[in-house]
Amino acid sequence: MELNLKNPIAFFDLETTGINISKDRIVEISILKVGTNGKEEQKTLRINPEMPIPKQSSDIHGIYDEDVKDSPTFRSVAKDVARFLEGCDLGGYNSNRFDIPLLAEEFLRADVDFDMRKRKFVDVQTIFHKMEQRTLSAAYRFYCDKELVGAHGAAADTSATYEILKSQLDRYSELENDMASLAKFTTQVKSVDFAGFIAYDENDVEIYNFGKNKGKSVVEVMKEQPGYLNWILNADFPLYTKKILTEIKLREAIK
(Lines give C-alpha, C1' and ligand atoms only; values in the text may rest on other atoms or scores of the structure.)
Protein backbone atom coordinates (compact mmCIF):
# COMPACT_ATOMS: atom_id res chain seq x y z
CA MET A 1 0.00 0.00 0.00
CA GLU A 2 1.35 3.42 -0.92
CA LEU A 3 1.29 6.09 1.78
CA ASN A 4 -1.48 8.66 1.82
CA LEU A 5 0.55 11.80 2.41
CA LYS A 6 -0.58 15.35 3.06
CA ASN A 7 3.06 16.35 3.62
CA PRO A 8 6.30 14.67 2.53
CA ILE A 9 7.60 12.19 5.09
CA ALA A 10 11.28 11.64 5.84
CA PHE A 11 12.28 8.25 7.22
CA PHE A 12 15.62 8.66 8.93
CA ASP A 13 18.08 6.62 10.93
CA LEU A 14 21.09 7.62 13.00
CA GLU A 15 24.25 5.70 13.76
CA THR A 16 25.87 7.22 16.82
CA THR A 17 28.71 7.07 19.31
CA GLY A 18 26.30 5.63 21.90
CA ILE A 19 22.82 5.86 23.36
CA ASN A 20 23.16 8.82 25.75
CA ILE A 21 21.01 11.55 24.17
CA SER A 22 22.81 14.32 26.07
CA LYS A 23 26.40 13.25 25.37
CA ASP A 24 26.55 11.07 22.29
CA ARG A 25 26.89 12.26 18.70
CA ILE A 26 25.86 11.25 15.20
CA VAL A 27 28.39 9.38 13.04
CA GLU A 28 26.01 8.68 10.17
CA ILE A 29 22.60 9.96 9.17
CA SER A 30 20.50 8.55 6.37
CA ILE A 31 17.24 10.13 5.22
CA LEU A 32 14.74 8.67 2.77
CA LYS A 33 12.33 11.46 1.81
CA VAL A 34 9.05 10.40 0.22
CA GLY A 35 7.08 13.13 -1.53
CA THR A 36 3.31 13.43 -1.67
CA ASN A 37 3.56 12.06 -5.23
CA GLY A 38 5.57 9.03 -4.06
CA LYS A 39 8.89 10.32 -5.39
CA GLU A 40 11.80 9.11 -3.25
CA GLU A 41 15.03 10.96 -2.47
CA GLN A 42 17.78 9.49 -0.29
CA LYS A 43 20.64 11.30 1.43
CA THR A 44 23.28 9.55 3.54
CA LEU A 45 26.08 11.41 5.30
CA ARG A 46 29.00 10.23 7.39
CA ILE A 47 29.64 12.68 10.23
CA ASN A 48 32.76 13.41 12.26
CA PRO A 49 31.37 13.29 15.84
CA GLU A 50 34.32 15.28 17.24
CA MET A 51 34.80 12.60 19.87
CA PRO A 52 36.17 9.03 19.85
CA ILE A 53 33.71 6.34 18.80
CA PRO A 54 33.63 3.65 21.51
CA LYS A 55 34.60 0.21 20.22
CA GLN A 56 31.31 -1.33 21.37
CA SER A 57 29.41 1.15 19.19
CA SER A 58 31.71 0.64 16.19
CA ASP A 59 31.28 -3.12 16.52
CA ILE A 60 27.52 -2.64 16.05
CA HIS A 61 27.38 -0.21 13.13
CA GLY A 62 30.81 -0.81 11.58
CA ILE A 63 31.90 2.83 11.59
CA TYR A 64 35.28 3.55 13.17
CA ASP A 65 37.22 6.73 13.96
CA GLU A 66 39.32 6.30 10.80
CA ASP A 67 36.15 6.17 8.66
CA VAL A 68 34.95 9.62 9.74
CA LYS A 69 38.15 11.54 10.50
CA ASP A 70 37.81 13.51 7.24
CA SER A 71 34.01 13.71 7.29
CA PRO A 72 32.14 16.98 7.97
CA THR A 73 30.94 17.81 11.46
CA PHE A 74 27.21 17.96 12.07
CA ARG A 75 27.46 21.70 12.62
CA SER A 76 28.82 22.13 9.09
CA VAL A 77 25.96 20.17 7.46
CA ALA A 78 23.12 20.99 9.87
CA LYS A 79 21.57 23.72 7.70
CA ASP A 80 21.60 21.44 4.64
CA VAL A 81 19.96 18.65 6.64
CA ALA A 82 17.34 21.07 7.95
CA ARG A 83 16.58 22.27 4.42
CA PHE A 84 16.23 18.68 3.19
CA LEU A 85 13.76 17.96 6.02
CA GLU A 86 11.81 21.21 5.67
CA GLY A 87 8.06 20.60 5.52
CA CYS A 88 8.42 16.88 6.20
CA ASP A 89 6.80 14.69 8.81
CA LEU A 90 9.32 12.28 10.32
CA GLY A 91 9.34 8.50 10.44
CA GLY A 92 11.73 5.93 11.82
CA TYR A 93 12.25 2.77 13.82
CA ASN A 94 12.45 3.50 17.56
CA SER A 95 12.72 7.11 16.41
CA ASN A 96 10.41 8.65 19.03
CA ARG A 97 12.58 7.43 21.89
CA PHE A 98 16.04 7.84 20.37
CA ASP A 99 16.59 9.30 16.89
CA ILE A 100 14.28 12.31 17.21
CA PRO A 101 15.57 13.41 20.66
CA LEU A 102 19.18 13.01 19.57
CA LEU A 103 18.66 14.85 16.27
CA ALA A 104 16.98 17.69 18.19
CA GLU A 105 20.06 17.88 20.43
CA GLU A 106 22.41 18.03 17.46
CA PHE A 107 20.43 20.87 15.85
CA LEU A 108 20.55 22.81 19.12
CA ARG A 109 24.30 22.26 19.47
CA ALA A 110 24.71 23.50 15.89
CA ASP A 111 22.59 26.61 16.62
CA VAL A 112 20.11 25.66 13.88
CA ASP A 113 16.52 26.60 14.68
CA PHE A 114 14.69 23.52 13.39
CA ASP A 115 11.24 23.44 14.97
CA MET A 116 10.42 19.76 15.26
CA ARG A 117 7.21 20.49 17.14
CA LYS A 118 5.48 21.34 13.85
CA ARG A 119 5.91 17.78 12.57
CA LYS A 120 4.13 14.48 12.98
CA PHE A 121 6.25 11.54 14.13
CA VAL A 122 5.50 8.00 12.96
CA ASP A 123 7.45 5.32 14.82
CA VAL A 124 7.24 2.05 12.87
CA GLN A 125 8.69 0.11 15.81
CA THR A 126 5.74 1.10 17.97
CA ILE A 127 3.27 -0.20 15.38
CA PHE A 128 5.28 -3.41 15.20
CA HIS A 129 5.52 -3.83 18.97
CA LYS A 130 1.83 -3.15 19.46
CA MET A 131 0.96 -5.68 16.78
CA GLU A 132 3.68 -8.33 16.85
CA GLN A 133 6.52 -7.67 19.39
CA ARG A 134 9.70 -8.17 17.29
CA THR A 135 13.02 -6.57 16.18
CA LEU A 136 13.71 -4.63 12.95
CA SER A 137 15.24 -7.62 11.14
CA ALA A 138 12.35 -9.83 12.26
CA ALA A 139 9.86 -7.13 11.28
CA TYR A 140 11.37 -6.97 7.79
CA ARG A 141 11.19 -10.75 7.49
CA PHE A 142 7.65 -10.87 8.89
CA TYR A 143 6.08 -8.04 6.87
CA CYS A 144 8.15 -8.04 3.68
CA ASP A 145 9.33 -11.68 3.52
CA LYS A 146 12.91 -10.49 2.99
CA GLU A 147 16.17 -10.76 4.89
CA LEU A 148 17.61 -7.43 6.01
CA VAL A 149 21.06 -7.29 4.45
CA GLY A 150 23.21 -4.57 5.99
CA ALA A 151 21.28 -4.25 9.26
CA HIS A 152 22.69 -1.45 11.47
CA GLY A 153 23.68 0.45 8.35
CA ALA A 154 21.62 3.64 8.31
CA ALA A 155 20.65 3.45 4.60
CA ALA A 156 19.52 -0.19 4.82
CA ASP A 157 17.55 0.50 7.98
CA THR A 158 15.70 3.53 6.56
CA SER A 159 14.69 1.69 3.38
CA ALA A 160 13.52 -1.31 5.40
CA THR A 161 11.52 0.95 7.72
CA TYR A 162 9.71 2.56 4.77
CA GLU A 163 8.88 -0.85 3.26
CA ILE A 164 7.66 -2.17 6.62
CA LEU A 165 5.25 0.73 7.13
CA LYS A 166 3.69 0.17 3.70
CA SER A 167 3.33 -3.55 4.45
CA GLN A 168 1.83 -2.80 7.88
CA LEU A 169 -0.84 -0.68 6.22
CA ASP A 170 -1.61 -3.57 3.86
CA ARG A 171 -1.81 -6.06 6.71
CA TYR A 172 -3.77 -4.12 9.34
CA SER A 173 -7.06 -2.75 8.08
CA GLU A 174 -7.57 -0.92 11.39
CA LEU A 175 -4.56 1.31 10.65
CA GLU A 176 -5.57 4.48 8.83
CA ASN A 177 -3.34 5.53 5.95
CA ASP A 178 -2.92 9.02 7.32
CA MET A 179 0.19 10.41 8.99
CA ALA A 180 -1.73 12.24 11.74
CA SER A 181 -3.53 9.02 12.67
CA LEU A 182 -0.31 6.97 12.54
CA ALA A 183 1.54 9.58 14.60
CA LYS A 184 -1.17 9.38 17.26
CA PHE A 185 -1.08 5.57 17.19
CA THR A 186 2.71 5.48 17.62
CA THR A 187 2.89 8.09 20.38
CA GLN A 188 3.06 6.18 23.65
CA VAL A 189 3.58 9.16 25.95
CA LYS A 190 2.38 12.65 25.09
CA SER A 191 5.74 14.30 25.66
CA VAL A 192 6.53 18.00 25.76
CA ASP A 193 10.22 17.42 25.17
CA PHE A 194 11.48 14.60 22.94
CA ALA A 195 13.31 12.63 25.62
CA GLY A 196 10.16 12.18 27.69
CA PHE A 197 11.24 13.97 30.86
CA ILE A 198 8.34 16.42 30.53
CA ALA A 199 4.86 15.19 29.53
CA TYR A 200 1.31 16.45 29.25
CA ASP A 201 -1.36 15.15 31.60
CA GLU A 202 -4.97 14.49 30.57
CA ASN A 203 -5.66 18.24 30.79
CA ASP A 204 -2.63 19.18 28.66
CA VAL A 205 -0.78 20.54 31.69
CA GLU A 206 3.00 20.10 31.61
CA ILE A 207 4.12 17.61 34.27
CA TYR A 208 7.41 16.01 35.23
CA ASN A 209 7.65 12.43 34.00
CA PHE A 210 10.55 11.26 36.18
CA GLY A 211 12.01 11.35 39.66
CA LYS A 212 10.53 12.56 42.92
CA ASN A 213 8.20 15.03 41.19
CA LYS A 214 6.84 12.59 38.62
CA GLY A 215 3.22 13.47 37.83
CA LYS A 216 3.47 16.94 39.37
CA SER A 217 2.85 20.17 37.46
CA VAL A 218 6.07 21.77 36.23
CA VAL A 219 4.71 25.22 37.09
CA GLU A 220 3.73 24.19 40.61
CA VAL A 221 7.14 22.62 41.23
CA MET A 222 8.79 25.84 40.01
CA LYS A 223 6.82 27.76 42.63
CA GLU A 224 7.26 25.29 45.48
CA GLN A 225 10.78 23.98 44.75
CA PRO A 226 12.68 26.70 42.82
CA GLY A 227 15.95 24.84 43.28
CA TYR A 228 14.66 21.84 41.34
CA LEU A 229 14.69 23.69 38.02
CA ASN A 230 18.20 25.01 38.70
CA TRP A 231 19.35 21.48 39.41
CA ILE A 232 17.98 20.24 36.06
CA LEU A 233 19.49 23.17 34.13
CA ASN A 234 22.93 22.45 35.58
CA ALA A 235 22.72 18.64 35.40
CA ASP A 236 23.21 16.18 32.55
CA PHE A 237 19.79 16.56 30.90
CA PRO A 238 19.20 17.01 27.16
CA LEU A 239 19.51 20.56 25.85
CA TYR A 240 16.01 20.35 24.41
CA THR A 241 14.53 19.44 27.81
CA LYS A 242 16.28 22.46 29.32
CA LYS A 243 15.01 24.65 26.49
CA ILE A 244 11.40 23.57 27.13
CA LEU A 245 11.67 24.22 30.87
CA THR A 246 13.19 27.65 30.23
CA GLU A 247 10.32 28.47 27.84
CA ILE A 248 7.78 27.45 30.51
CA LYS A 249 9.54 29.60 33.11
CA LEU A 250 9.58 32.63 30.78
CA ARG A 251 5.94 32.06 29.83
CA GLU A 252 4.91 32.07 33.47
CA ALA A 253 7.03 35.14 34.25
CA ILE A 254 5.12 37.31 31.76
CA LYS A 255 1.63 36.24 32.81
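The values are calculated or read from the model by the stated rules, or taken from the named source; none is laboratory data. As the structure is a prediction and not an experimental result, all values here were calculated from the model. Note that each Cβ is placed from the backbone with ideal geometry, even for glycine, and that neighbours are counted across all protein chains shown.
Scanning region 49-87 for residues that are farther than 17 Å from residue 103 by Cα and hydrophobic (A, V, I, L, M, F, W, C) returns 53, 60, 63, 68. Taking region 172-204 as the range and being surrounded by fewer than 13 Cβ atoms within 10 Å (Cβ to Cβ) and of a type in the set (Val, Ile, Thr) as the test, only 189 passes.
Condition check for residue 181 on (1) in a helix (DSSP H, G or I); (2) in contact (Cβ under 8 Å) with a residue 24 or more places away in the chain; (3) among the polar types (S, T, N, Q): one failure, at (2). Filter region 87-113 down to residues that are more than 22 Å from residue 18 (Cβ to Cβ) and within 13 Å of the chain's Cα centre (by Cα) and give me whichever is surrounded by the fewest Cβ atoms within 10 Å (Cβ to Cβ). Top of the filtered list is 89. The set of residues in region 184-205 that are in a helix (DSSP H, G or I) and of a type in the set (Lys, Arg) contains only 184. Within region 114-150, the set of residues being among the charged types (D, E, K, R), farther than 16 Å from residue 171 by Cβ and surrounded by 15 or more Cβ atoms within 10 Å (Cβ to Cβ) comprises 119, 120, 123. For beta carbons closer than 8 Å, sequence separation of 6+ or different chains, a first residue in region 231-255 that is closer than 15 Å to residue 23 by Cα and a second that is of a type in the set (Asp, Glu), the qualifying pairs are 238/105; 238/193; 239/105; 240/105; 240/193; 241/193. The strands (runs of 3 or more DSSP E) found wholly in region 8-103 and carrying at least 3 residues that are free of Cβ contacts under 8 Å to residues at least 60 places away in the same chain and under 18 Å from residue 157 (Cβ atoms) occupy 40-46. If the condition is being in a helix (DSSP H, G or I) and touching a Phe, Trp or Tyr at 6+ places or on another chain (Cβ under 8 Å), then region 213-231 contributes 213, 218, 221, 222. Quick one: in region 8-35, which of the residues that are polar (S, T, N, Q) and at pLDDT below 95 is surrounded by the fewest Cβ atoms within 10 Å (Cβ to Cβ)? Checked region 8-35; the qualifying residue surrounded by the fewest Cβ atoms within 10 Å (Cβ to Cβ) is 20. Just one of 172, 140, 162 is aromatic (Phe, Trp, Tyr), assigned by TED's automatic domain parsing to the domain that holds residue 45 and modelled with pLDDT under 90; which is it? Going through 172, 140, 162 in turn, just one is aromatic (Phe, Trp, Tyr), assigned by TED's automatic domain parsing to the domain that holds residue 45 and modelled with pLDDT under 90: 140.
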